[in-house]
Amino acid sequence: MPLKIIASQCTGCSACEPECPNVAITEKNGTFWINPKKCTECIGHFDTPQCIAVCPVDNTCVIDTSVPRYRPAA
Amino acid sequence: MQEQAAEHKGCATSGSGGNASCGSGAGQRDLAPEIWEKVKNHPCYSEEAHHHYARMHVAVAPACNIQCNYCNRKYDCANESRPGVVSEKLTAEQAAKKVLAVASTIPQMTVLGIAGPGDPLANPEKTFKTFALVSKVAPDIKLCLSTNGLALPDHVDTIARFKVDHVTITINMVDAKIGQHIYPWVYWKHKRYVGEEAAQLLSDRQLMGLEMLTARGILCKVNSVMIPGINDEHLVEVNRAVKSRGAFLHNIMPLISAPEHGTVFGLNGQRGPSARELKALQDSCEGEMNMMRHCRQCRADAVGLLGEDRSAEFSTDRIMATEVNYDSEARKAYQAKVEAERRAKAAARQHELDALAGANSGIKLLIAVATKGSGLVNEHFGHAKEFQVYEISTAGAKFVGHRRVDLYCQGGFGEEESLATVIRAINDCHAVFVAKIGGCPKADLRAAGIDPVDEYAGQFIEKSALAWFRNYLDRIGSGAIVHQPRGDADIRQGAYIAA
């Protein structure tokens, strides 16, 4: 459940949406939102979170510290 | 993203003999018939056509797969779209309806381009769905797209299948050592690449895509942003590289860069080129290949002739609320009228060229023209948002650029300040042709050494310029005046911030 998008910085470009391997990203009022229940930080899929890699604005897709980090099942 | 030497390769690929001047300014007689068929009413691929035909872009492609130092994704691309205003994003269905509405209102609109505001091929589903919908309902409209090239090799077959026969690739370098200063990163196959590795990857993919397109007979234009001190000298090499791969046209555009754009280049004080620097580079590449000089670096949602933007008339709310009746017969009839006008223009030009044939002079000079389109001197000096610039010699009148002077792209709004701005923008010109001009600006222009010419109101530009030039040479011959060289001029830097 760990990444979130800082809405005030999101340009709404939609680049992250198709890259998310968990289909966790959807549009909400012109910006994008990560469903914390679906996000796995791309662990098990890719070396780096895809939303961070493709986002045009640095530090906009960030770890959401208000919830516990994602832990893959053992 | 926002076009326009192949002398020889581009023209000659098609076989028959295009001559050495088959550039964007080339006319029917300079191009192979099948190439002329493709470009004759495409305003971006034919300078001659851009006076008569309009294009539209639909902003269906917001995502991008690379980052450029001249772009701030909070807005549209500063260089190939207008910064400061975000394009209204459209779905493919909305875009198709908008195309029909515009085509019905502006019968000379012949081209639909998808250019962003991100990269069309980073949004392939939206881009191709739009093309599919439009080609079904308006098959006479040409389809066109503009890309950074990273994803291009993956989509060449789809591009060919949709009969997109004009593709623009933005290529700013063919050397990763230079590219690393232009592109901070690219995103490819689930990974972000940085530095030289990113630039090398991008360059390889761009050139591969270009070769694949030209091998399929798709016309390619290469856009390059001229960034003084970074790639300005290198663009000669880029020109050679793209020419040898069959590009039809090379469009070297000035960097647009100001701190308020919030781009890396804007914030670190990277300057754009002056008018003279840009023209010198374009001239030096021209021997190699056709150069586009009429690009307006338009937005990803621009509508209209290249010098105008009518996008505000076609807001999504308004479009979705109206019934559109697509009348292709009415469009054809209007376009036939345009063709008659083009023939009259060419005949008038030839008539003046014949009259000039006896003159022998090495003088080459620039003139500025206030026009609303159709290749006519038909705009009031004070209403002009841009001036078109022609180079005149005994060889003819050649379009070499334009200068934006619209108030909102400048600092000052007072009359005095705006006149000073206009003079700075056309300071390299010997004369300015207008439909009408007031007494005060006339005197100020004369004081600045620019001849205000209003006796050709409503007449064809090239014919008028050549007639004036013949008279100019006569006056020099008789000793009435002495030919003086002019100075440099400014290229507008502040883009449409306030619009």
Among the residues in the stretch B:138-150, are any in the same structural domain as B:A199 (by TED's automatic domain parsing), assigned to a helix (DSSP H, G or I) and at pLDDT 95 or above? no
B:M226: closer than 14 Å to B:C68 by Cα and touching a Ser or Thr at 6+ places or on another chain (Cβ under 9 Å), yes or no? no
Provide a single number: the residues in the stretch B:332-385 that are assigned to a helix (DSSP H, G or I) and of a type in the set (A, V, I, L, M). 11
When you go through (1) of a type outside the set (F, W, Y); (2) within 10 Å of the chain's Cα centre (by Cα); (3) more than 10 Å from chain B (Cβ to nearest Cβ) one by one for A:C42, which number turns out not to apply? (3)
Take the residues in the stretch B:444-466 that are surrounded by fewer than 22 Cβ atoms within 10 Å (Cβ to Cβ) and acidic (D, E), then tell me which one is nearest to B:A348 (Cα to Cα). B:E455
Looking at (1) charged (D, E, K, R); (2) surrounded by 15 or more Cβ atoms within 10 Å (Cβ to Cβ); (3) within 11 Å of another protein chain (Cβ to nearest Cβ); (4) farther than 13 Å from B:H190 by Cα, can you tell me which one A:D64 breaks? (3)
Being assigned to a helix (DSSP H, G or I), away from chain A (no Cβ under 14 Å) and closer than 17 Å to B:G209 by Cα narrows it down to one of B:V164, B:V156, so name that one. B:V156
What do you reckon, is B:L219 among the aliphatic types (A, V, I, L, M), under 24 Å from B:V60 (Cβ atoms) and touching a Lys or Arg at 6+ places or on another chain (Cβ under 9 Å)? yes
Considering (1) more than 10 Å from chain B (Cβ to nearest Cβ); (2) within 27 Å of B:N69 (Cβ to Cβ); (3) surrounded by 12 or more Cβ atoms within 10 Å (Cβ to Cβ), say which one A:S8 fails and leave the rest. (3)
When B:C77 is run through (1) modelled with pLDDT of 75 or more; (2) within 14 Å of another protein chain (Cβ to nearest Cβ); (3) out of contact with any Ser or Thr (no Cβ under 8 Å at 6 or more places or on another chain), the failure sits at (1)
Any chance the stretch B:186-199 includes a residue that's within 14 Å of chain A (Cβ to nearest Cβ), more than 30 Å from B:I141 (Cβ to Cβ) and assigned to a helix (DSSP H, G or I)? yes
Please find, within the stretch B:44-74, the residue that is modelled with the lowest pLDDT out of those that are within 14 Å of another protein chain (Cβ to nearest Cβ) and in contact with a His (Cβ under 8 Å, 6 or more places away or on another chain). B:N72
Out of the residues in the stretch B:34-50 that are part of a helix (DSSP H, G or I) and not hydrophobic (A, V, I, L, M, F, W, C), which is nearest to the chain's Cα centre (by Cα)? B:H50
Enumeration of residues in the stretch B:108-123 that are in contact with a helix residue (DSSP H, G or I) (Cβ under 6 Å, 6 or more places away or on another chain) and either aromatic (F, W, Y) or in a helix (DSSP H, G or I) (or both): B:P120, B:L121
By residue number, the members of the stretch B:276-310 that are over 21 Å from B:E48 (Cβ atoms), of a type in the set (G, A, S) and surrounded by fewer than 24 Cβ atoms within 10 Å (Cβ to Cβ) are B:A280, B:S284
If we scan the stretch B:137-144, do we find a residue that is basic (K, R) and in contact with a strand residue (DSSP E or B) (Cβ under 6 Å, 6 or more places away or on another chain)? yes
Determine if the stretch B:206-222 includes at least one residue that is within 25 Å of B:R403 (Cα to Cα) and either buried (at least 23 other Cβ atoms within 10 Å of the Cβ) or touching a Phe, Trp or Tyr at 6+ places or on another chain (Cβ under 6 Å) (or both). yes
Top-ranked residue in the stretch A:22-39 [being within 14 Å of chain B (Cβ to nearest Cβ) and surrounded by fewer than 15 Cβ atoms within 10 Å (Cβ to Cβ); ranked as modelled with the highest pLDDT]: A:E27
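Here's the yes/no breakdown for (1) at pLDDT 85 or above; (2) under 18 Å from B:T91 (Cα atoms); (3) surrounded by 13 or more Cβ atoms within 10 Å (Cβ to Cβ):
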site: B:S315; (1), (2), (3): no, yes, no
site: B:V324; (1), (2), (3): no, yes, yes
site: B:E329; (1), (2), (3): no, no, no
site: B:V338; (1), (2), (3): yes, no, yes
site: B:E352; (1), (2), (3): yes, no, yes
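The values are calculated or read from the model by the stated rules, or taken from the named source; none is laboratory data. Given the structure is predicted, the values throughout are model-derived calculations rather than measurements. In this analysis, Cβ positions are derived from the backbone assuming ideal geometry, glycine residues included, and neighbour counts consider all displayed protein chains.
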